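K.L.:
Below you will find the structure I want to go over with you.
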Amino acid sequence: KRPPAALLFIFGGSGDLNHRKLSPALFNLFIDNWMPEKFGIVGIGRRPYTTEGYHTHLMDGIRQFSRRKEEQNGKWNDFSQHVSYLQMNAEVEEEYQKIAEIVKQKEAEFGEHPNVIFYMAVAPQLVPDIAQKLGSLNICHDTKCTRIVVEKPFGHDLESAKELNNLLSSLFNEEQIYRIDHYLGKETVQNILALRFANALFEPIWNRNYIDHIQITAAETVGAEGRGDYYERSGALRDMVQNHILQLMCMIAMEAPVSFEANEIRNKKVDVLNAIRRYSNDEVHAHAVRGQYSGGWMKGQQVPGYRQEKSVSPDSPIDTFAAVKFYIDNWRWQDVPFYVRTGKRMHEKSTIINIQFKPAPSYAFPSEAADTWRPNRLTISIQPEMDIRLRFQAKRPGQSMTLNPVDMIFNYKDAYDGDEPEAYETLLLDVMEGNQTLFMRSDQVEAAWKIIMPILETWESRSPVDFPNYAPDSWGPEDAEALIARDGKNWVTLP
Ligand code: BG6
């Protein structure tokens with residue numbers, strides 16, 4: 001069923017996020033017949049564009065970044081009829097009347113009042129001011145029909161996140177606020193819930209009695225990508241761990257929900273965040289490692305170090321790599337370490353979750369069989385590979401009792417033909433449908449910051465002495481290997 005009539009205003013309509021992600025996602029939803037029967041999309045920006053020029057700009061983004069790169073036999077023409085551009089200075093209050101007028105116009109055209117969605121695809125520092133000005137714009141009698149979508153970073157630290165939450169909640173109800181974490185829209189991430197809670201097989205062993213430890217790796221090959229301005233105020237811990245990685249941890253560690261109601265799922269996730277151990281400043285050193293990439297060679301090409309990137313200070317203390325060993329202090333997970341790591345300019349792009357089970361309680365096989373013996377492991381590959389592998393022991397064919405580990409693999413591409421939707425498609429559709437399940441509630445954001453703050457404060461109070469400390473095309477600094485090796489374990493990568 002298609003969502004009800006919608007009018008979408010994209011602040012940052014001439015910007016990068018809209019060009020790369022939002023417009024391609026909306027066009028794909030249109031091709032797949034998921035857009036409402038009646039809808040309008042208005043890109044808002046400062047740059048002057050004619051309607052035609054704006055359409056050309058968006059089509060260019062689709063050719064470069066969409067999973068479908070073509071106009072799709074006239075579909076683009078149909079779609080673009082719904083798309084317009086509004087040049088406006090978002091800092092000037094009176095200009096917002098233009099938005100009110102468009103809403104009125106569309107209401108008349110649609111013959112009904114559409115849901116009005118304001119998407120903040122702008123630099124984070126602009127969000128409070130725009131939200132405030134939108135809040136005083138009276139365009140809808142029923143508050144539920146206006147929605148505001150806020151991108152990460154949601155605040156710069158706990159204090160600023162609280163301030164932003166307070167401001168937004170003084171202007172909108174929580175049901176109107178959609179805080180995006182695009183990892184939650186990924187197919188493979190959503191599938192974690194299906195794997196865990198639609199099968200009887202895994203849940204009985206999904207706990208401290210059977211699981212030795214869990215690893216999450218989110219490695220990227222790209223560097224700062226011209227985003228030095230943003231990244232200098234962020235770093236890997238803020239950019240990836242505070243949000244995406246902690247959300248993956250929640251999916252793996254949460255208790256079974258009793259329904260798929262948005263707040264039920266979010267309650268179960270926030271329970272995980274509240275149970276994650278917060279380190280004192282003295283404990284940080286033993287549990288967290290930071291890194292920054294140097295210049296060097298990457299897949300046959302010479303690449304600059306982080307400190308040589310555009311808009312980056314030559315003695316920048318910013319982390320482009322972070323690894324943390326977390327604990328979740330609750331009944332299910334007591335004493336099970338969760339090792340997480342993320343970094344730029346790493347050996348390969350790969351986001352994987354490894355669930356490492358404990359060894360079998362006793363092992364009666366002859367000693368030569370034991371050489372290749374490995375405990376069971378479940379690997380959930382989020383991207384770019386999309387698969388789930390269960391490793392177990394098998395007997396090697398032949399007269400001797402030799403064992404070796406084998407993988408049972410479920411691969412999305414083999415199992416289902418057709419393209420899976422991109423995260424932004426799923427999330428934009430959810431906003432239009434009014435489903436907040438995959439969006440962050442204010443308490444989730446704050447709980448996540450509380451976990452990260454001691455690490456940030458400790459790192460920021462002491463400049464790193466050894467930066468840069470890892471080469472491009474590697475798996476990060478040696479200390480990250482040591483973090484896990486100390487416990488007699490090692491990081492797992494896909495074969
Ligand atoms: C974004 C970060 O949230 O996620 C980027 O700001 C990062 O720095 C990106 O590159 C990774 O997303 P994905 O979907 O490519 O894993």
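K.L.:
If only Cα atoms are counted, what is the Rg of the stretch 296-341, and what is its Dmax, in Å?
P.N.:
Over the stretch 296-341's Cα set, Rg and Dmax evaluate to 17.8, 49 Å.
K.L.:
Could you give log10 I(q)/I(0) at q = 0.12, 0.19, 0.20 Å⁻¹ for the stretch 257-369, computed by the Debye formula over C-alpha point scatterers of equal weight, without solvent?
P.N.:
Cα-only, vacuum Debye calculation for the stretch 257-369: -0.75, -1.11, -1.15.
K.L.:
Now for a different question. Scan the chain and report its longest stretch carrying no chymotrypsin sites (Phe, Trp or Tyr not before Pro) that are both in a DSSP loop and have at most 13 other Cβ atoms within 10 Å.
P.N.:
Formally, the longest exposed-site-free interval is 1-259.
K.L.:
Compute the FRET efficiency between Q125 and E348 as 1/(1 + (r/R0)^6), taking r as their Cβ-Cβ distance and R0 = 45 Å, and round to the nearest 0.05. Write out the running numbers ahead of the final one.
P.N.:
Numbers: r = 34 Å, r/R0 = 0.75.
Approximately 0.85, to the nearest 0.05.
K.L.:
Going down the list K38/K106; K268/K344; K104/K152; K152/K186; K21/K186; K358/K489, which pairs span over 19 Å between their C-alpha atoms? Intermediate results must be reported in sequence, preceding the final value.
P.N.:
Values: K38/K106 9 Å; K268/K344 31 Å; K104/K152 31 Å; K152/K186 16 Å; K21/K186 13 Å; K358/K489 12 Å.
Violating the 19 Å limit, Cα to Cα: K268/K344; K104/K152.
K.L.:
Using a/c under 1.5 as the rounded threshold, could you call the stretch 375-495 rounded, prolate or oblate? The axes a ≥ b ≥ c are square roots of the C-alpha gyration tensor eigenvalues, and prolate needs a/b larger than b/c, oblate otherwise. Before the final figure, lay out the partial values.
P.N.:
On the way: a/c = 2.38, a/b = 1.15, b/c = 2.07.
Oblate, because a/c is 1.5 or more while a/b does not exceed b/c.
K.L.:
Which distance in nm do the two modelled labels at D16 and D335 give, with both placed 7 Å along the Cα-to-Cβ direction?
P.N.:
The answer from the label model is 4.7 nm.
K.L.:
For D212, list long-range residues whose amide hydrogen, built 1.01 Å from N in the peptide plane, is under 5 Å from its own amide hydrogen.
P.N.:
Under 5 Å from the amide H of D212 lie the amide H atoms of Q356, F357, K358, each far enough along the sequence or on another chain.
K.L.:
Cross-link candidates for K75: which aspartates and glutamates have Cα within less than 14 Å, leaving aside residues fewer than 8 places away along the same chain?
P.N.:
Output for K75: D32.
K.L.:
For A224, what residues show an amide H to amide H distance below 5 Å, using hydrogens built from the backbone and excluding near sequence neighbours?
P.N.:
Long-range HN contacts for A224: none found.
K.L.:
List the trypsin sites (Lys or Arg not before Pro) within the stretch 414-490 that DSSP assigns to loop and that have no more than 13 neighbouring Cβ atoms inside 10 Å.
P.N.:
Working: sites: R441, K450, R462, R486, K489; in loops: R441, R462, R486, K489.
Passing both the DSSP loop test and the Cβ count: R462, R486.
K.L.:
Explain nothing, just compute: Karplus ³J(HN,Hα) = 6.51 cos²θ - 1.76 cosθ + 1.60, θ = phi - 60°, for every residue of the stretch 373-388 in order, whole Hz, x for Gly and Pro.
P.N.:
My calculation for the stretch 373-388 gives 6, 9, x, 5, 8, 10, 10, 9, 9, 7, 6, x, 5, 10, 8, 10 Hz in order.
K.L.:
For the stretch 258-273, what does the Karplus curve 6.51 cos²θ - 1.76 cosθ + 1.60, with θ = phi - 60°, yield as ³J(HN,Hα) per residue in whole Hz, taken in order and with x for Gly and Pro?
P.N.:
My calculation for the stretch 258-273 gives 8, 7, 9, 5, 3, 6, 5, 4, 5, 5, 5, 6, 5, 4, 5, 4 Hz in order.
K.L.:
For the chain, go through all pairs of different Cα atoms, get the mean of 1/r, take its inverse, and jot down that Kirkwood value in Å. Display every interim value, and only then the final one.
P.N.:
Working: mean 1/r = 0.0409 Å⁻¹.
One over the average 1/r among Cα pairs gives 24.5 Å for the chain.
K.L.:
Let me ask something else about it. With an 8 Å cut-off on Cα pairs and a minimum separation of 6 or more residues, tell me the relative contact order of the chain in percent.
P.N.:
Values: 871 pairs, mean separation 88.6, N = 495.
Across the chain, relative contact order equals 18 percent.
K.L.:
Let me ask another. Does anyone have the angle between helix 187-197 and the longest principal axis of the chain? Alpha-carbon axes, 0 to 90°, nearest 10?
P.N.:
Value to nearest ten degrees: 60.
K.L.:
While we're on this one: Given Cα positions, please report Rg to Rh for the stretch 6-127, the hydrodynamic radius being the Kirkwood one. Before the final figure, lay out each step's value.
P.N.:
Values: Rg = 14.0 Å, Rh = 14.8 Å.
Over the Cα atoms of the stretch 6-127, Rg/Rh equals 0.95.
K.L.:
Under the rule that an exposed site lies in a DSSP loop and has at most 16 other Cβ atoms within 10 Å, name the longest stretch of the chain with no GluC sites (Glu not before Pro) of that kind, not counting the sites themselves. If you can, show how the numbers build up before the last one.
P.N.:
Working: sites that count: E37, E70, E71, E91, E112, E225, E255, E261, E283, E348.
Answer - 349-495.
K.L.:
I would also like to ask the following. Specify the angular offset, from 0 to 90 degrees and rounded to the nearest 10, of the alpha carbon long axis of helix 442-461 from the longest principal axis of the alpha carbons in the chain.
P.N.:
60
K.L.:
With θ set to phi - 60° and the Karplus curve 6.51 cos²θ - 1.76 cosθ + 1.60, what are the ³J(HN,Hα) couplings of the stretch 210-224 in order, to the nearest whole Hz, using x for Gly and Pro?
P.N.:
Using θ = phi - 60°, the values come out as 10, 9, 7, 6, 10, 10, 10, 10, 10, 9, 10, 8, 5, x, 6 Hz.
K.L.:
Right, here's the next one. What whole number of Å gives the distance from the Cα centroid of the stretch 229-278 to the Cα centroid of the stretch 136-201?
P.N.:
Rounded to whole Å, the Cα centres lie 12 Å apart.
K.L.:
Shape of the stretch 183-255 from its Cα gyration tensor (a ≥ b ≥ c, root eigenvalues): rounded if a/c is under 1.5, otherwise prolate when a/b > b/c, or oblate?
P.N.:
Values: a/c = 3.17, a/b = 2.35, b/c = 1.35.
Note, shape of the stretch 183-255 comes out prolate.
K.L.:
Now, a different point. Antiparallel as a % of all DSSP beta bridges within the chain, to the nearest 5?
P.N.:
Numbers: 43 of 76 bridges.
In the chain, approximately 55 percent of DSSP beta bridges are antiparallel ones.
K.L.:
Follow-up question, since we're still on this one. Counting other C-beta atoms within 10 Å, which of D212, D282 has the fewest, and how do the rest follow?
P.N.:
On the way: D212 18, D282 9.
Ascending number of Cβ neighbours within 10 Å: D282, D212.
K.L.:
Tell me, D479, D466, D315 in order of fewest to most beta-carbon neighbours within 10 Å? Walk me through the numbers on the way to the answer.
P.N.:
On the way: D479 17, D466 12, D315 8.
Fewest-to-most Cβ neighbours within 10 Å comes out as D315, D466, D479.
K.L.:
Further question: Pop a pseudo-label 7 angstrom from the Cα along the beta-carbon direction at both E95 and Y327 and give the gap in nm to one decimal.
P.N.:
So the two model labels end up 5.2 nm from each other.
K.L.:
Tell me what the chain gives for mean residue ellipticity at 222 nm when only DSSP H runs of n ≥ 4 count, each as -39,500 (n - 2.57), the sum divided by the residue total, rounded to 500 deg cm²/dmol.
P.N.:
Calculated at 222 nm, the ellipticity per residue is -9000 deg cm²/dmol.
K.L.:
Near the amide H of G13, under 5 Å away, which other amide H atoms are found, from residues 5 or more places off or on another chain, if H is placed in the peptide plane?
P.N.:
Residues meeting the amide H criterion: I44, G45.
K.L.:
To the nearest 10 degrees, how steeply does helix 158-171 sit against the main Cα axis of the chain, on a 0 to 90 scale?
P.N.:
Value to nearest ten degrees: 40.
K.L.:
Sorted from fewest to most neighbouring beta carbons within 10 Å, what does the list S136, S160 look like?
P.N.:
Numbers: S136 9, S160 16.
Fewest to most other Cβ atoms nearby, the residues stand as S136, S160.
K.L.:
Using a Debye calculation, one point per C-alpha and no hydration shell, please list log10 I(q)/I(0) for the stretch 131-272 at q = 0.15, 0.17, 0.19 Å⁻¹ in order.
P.N.:
Values returned for q = 0.15, 0.17, 0.19 Å⁻¹ are -0.97, -1.14, -1.27.
K.L.:
Let me ask you something else. What dipole magnitude, in Debye to the nearest 20, does the chain give about its Cα centre under +1 on Lys/Arg Cβ and -1 on Asp/Glu Cβ?
P.N.:
Details: 55 positive and 68 negative charges, 194 e Å.
Here the size comes out at about 940 debye.
K.L.:
Using Cα positions and a limit of under 20 Å, work out the aspartates and glutamates in reach of K299, with same-chain residues fewer than 8 apart set aside.
P.N.:
E220, E225, E309, E348, E385, D473
Every number in this text was worked out from the coordinates using simple rules, so none of it is lab data. The structure displayed is predicted, hence computed values, not measured ones. Neighbour counts run over all protein chains shown; Cβ positions are idealised from the backbone, glycine included.
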